[in-house]
Amino acid sequence: MDPVNHLDVLKEKVLNANLALPKLGLVKLTWGNVSLCDRENNRVIIKPSGVDYAVMTAQDMVVVDLSTGEVLEGVKKPSSDLQTHLHLYRTFSKINSVIHTHSKFATIWAQSEKDLPALGTTHADYFLGNIPCTRRMTEIEVKTDYELNTGKVISEMLIEKNIDPIEMQAVLVAAHGPFVWGESCEKAVENALVLEEIAEMAIYSKMLTPTLGGMDEYLLHKHYFRKHGQFSYYGQN
Ligand SMILES: O=C(CO)[C@@H](O)[C@H](O)COP(=O)(O)O
């Protein structure tokens, strides 16, 4: 496929993933953003900043250099969260698409600065453990480069906790909201939707049973690995 057509195909993918966010009820107004990393060409295609989803087109997508963040193509400003997306792509080579939403229940967990506990198999099918929430950022981090430092607190947390970004494709950013990723735009959208579902389920589960603890570890692993191509865990089916 010639380079121009290849880039057009990627822009369409990014547009469709962005349009899925309001359709799935994961964002309102112009909140949220989706990007795709084209590693072969060292570039990222990302949603334009502040554009109404109702009028957004594939040609509105902004193409930036993965290494420098320089705008390579596009007349609109890239998403205000660009530096967070870039930092995640630069730090974790297996991440190919990043999504940020303000989906209500996941954002409630993020604003509460609580990890989203794994309470059931719906969660376990997608995420291998509690969805971690970052620490609150320092005043300096907020004031110097909030978006870049958002990426840094996410990556530092995953590395410090030895969390594999393939086994945990979502995090909660304190005082902000969820960042989700995947090997494709489509997978990242699926992860963002599931995150919101389990965030809501967890809030009501904890309301009904405040003393509720995390799910059985074996069941968590069994469901996660069964859903991700490994039919046995600890050598048992
Ligand atoms: O996190 C935020 C604002 O808190 C962003 O997600 C905005 O809600 C969308 O910004 P753009 O992508 O349109 O620049």
remark   = Per GNM of the chain with C-alpha springs under 10 angstrom, the most fluctuating residue out of THR107, THR122, THR144 is THR144
inquiry  = Please compute the volume of the convex hull spanned by the alpha-carbon atoms of the chain and report it per residue in Å³.
reply    = 133 Å³
request  = Compute the relative contact order of the chain as a whole-number percentage, counting only Cα pairs closer than 8 Å that sit 6 or more residues apart in sequence.
outcome  = 21 percent
message = Could you work out the relative contact order of region 92-200? I mean the mean sequence separation of Cα pairs under 8 Å and 6+ apart, divided by the number of residues, in percent.
response = 45 percent
Where MET207, MET61 fall by accessible area, highest first, once all protein chains stay in place (1.4 Å) = MET207, MET61
request  = Would you mind telling me the antiparallel percentage of the DSSP bridges in the chain, rounded to 5?
outcome  = 95 percent
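Mind ranking 159-171, 83-95 by how tightly packed they are, going by the mean number of other C-beta atoms within 10 angstrom, highest first?
Answer by packing, highest mean first, reads 83-95, 159-171.
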ask   = Could you give the Stokes-Einstein D for region 43-102 in µm² per second, using the C-alpha Kirkwood radius, 20 °C, 1.002 mPa s?
value = 180 µm²/s
request  = Let me have the 222 nm mean residue ellipticity of the chain computed from DSSP H runs of 4+ only, each contributing -39500 (n - 2.57), with the sum over all residues rounded to the nearest 500.
outcome  = -13500 deg cm²/dmol
inquiry  = Probe radius 1.4 Å, ligands and nucleic acids left out: which of ILE46, ILE108 has the largest accessible area, and how do the rest follow?
reply    = ILE108, ILE46
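What is the dipole size for the chain, taken about its Cα centre, with +1 at each Lys and Arg Cβ and -1 at each Asp and Glu Cβ, in debye to the nearest 20? Working shown, then result.
Numbers: 23 positive and 30 negative charges, 74 e Å.
Taking the Cα centre of the chain as origin, the dipole is about 360 debye.
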query = What is the spin-label model distance, in nm, from GLU186 to ASP38 if the labels are put 7 Å beyond Cα along the C-beta direction?
reply = 1.9 nm
task = Calculate what fraction, in whole %, of the accessible area of region 3-227 sits on carbon and sulfur atoms when a 1.4 Å probe is rolled over the protein chains.
result = 54 percent
note = Candidates LYS143, LYS47, LYS222; GNM for the chain (alpha-carbon contacts under 10 Å) flags as most fluctuating LYS143
ask   = Which of LEU15, VAL55, TYR224 sits farthest toward the positive end of the charge dipole of the chain, with +1 on the Cβ of Lys and Arg and -1 on the Cβ of Asp and Glu?
value = TYR224
ask   = So what is the accessible area of the chain per residue, in Å², with the probe set to 1.4 Å?
value = 48 Å²
message = Apply the Karplus curve 6.51 cos²θ - 1.76 cosθ + 1.60, θ = phi - 60°, to the phi angles in region 17-29 and return the couplings in whole Hz, x for Gly and Pro.
response = 5, 5, 5, 5, 4, x, 4, 8, x, 8, 9, 10, 6
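The values are calculated or read from the model by the stated rules, or taken from the named source; none is laboratory data. No experiment lies behind these values; they were computed from the predicted model shown. Using ideal geometry, Cβ is built from the backbone for each residue, glycine included, and neighbour counts are taken over all protein chains shown. Ligands, DNA and RNA are stripped out before the accessible areas are found, and what is left, the full protein with its side chains, is counted by its heavy atoms. Shrake-Rupley method; radii C 1.70, N 1.55, O 1.52, S 1.80 Å.
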